[in-house]
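Here the structure comes first, spelled out in structure tokens, and everything after it is commentary.
FYI, it's all coordinate maths here, none of it is from the lab. Because the structure is predicted, anything quoted here is derived from the model rather than measured.
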Amino acid sequence: MEHATQTPRRTSAVSLVVFWAYVLIPLTWGVVNTLRQAMKLFG
């Protein structure tokens with residue numbers, strides 16, 4: 001019985017950069033806006 005061996009797929013550096021930009025840009029925007037609102041309340 002033969003088993004199909006799957007070679008691990010290498011993720012390109014470009015796709016990793018695009019993915020992390022997609023995650024970190026909105027996250028950073030949300031944190032900055034939250035901190036600005038907090039400074040209005042407590043500042």
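Please give the contour-minus-distance gain from Ala38 to Thr11: 0.36 nm per residue of separation, less the Cα-Cα distance, rounded to one decimal in nm.
Numbers: separation 27, 0.36 × 27 = 9.72 nm, distance 3.90 nm.
Length gained between Ala38 and Thr11: 5.8 nm.
How large is the Kirkwood hydrodynamic radius of the chain, counting all unique pairs of alpha carbons, in Å? Display every interim value, and only then the final one.
Working: mean 1/r = 0.0717 Å⁻¹.
Mean inverse Cα-Cα distance, inverted, gives 13.9 Å.
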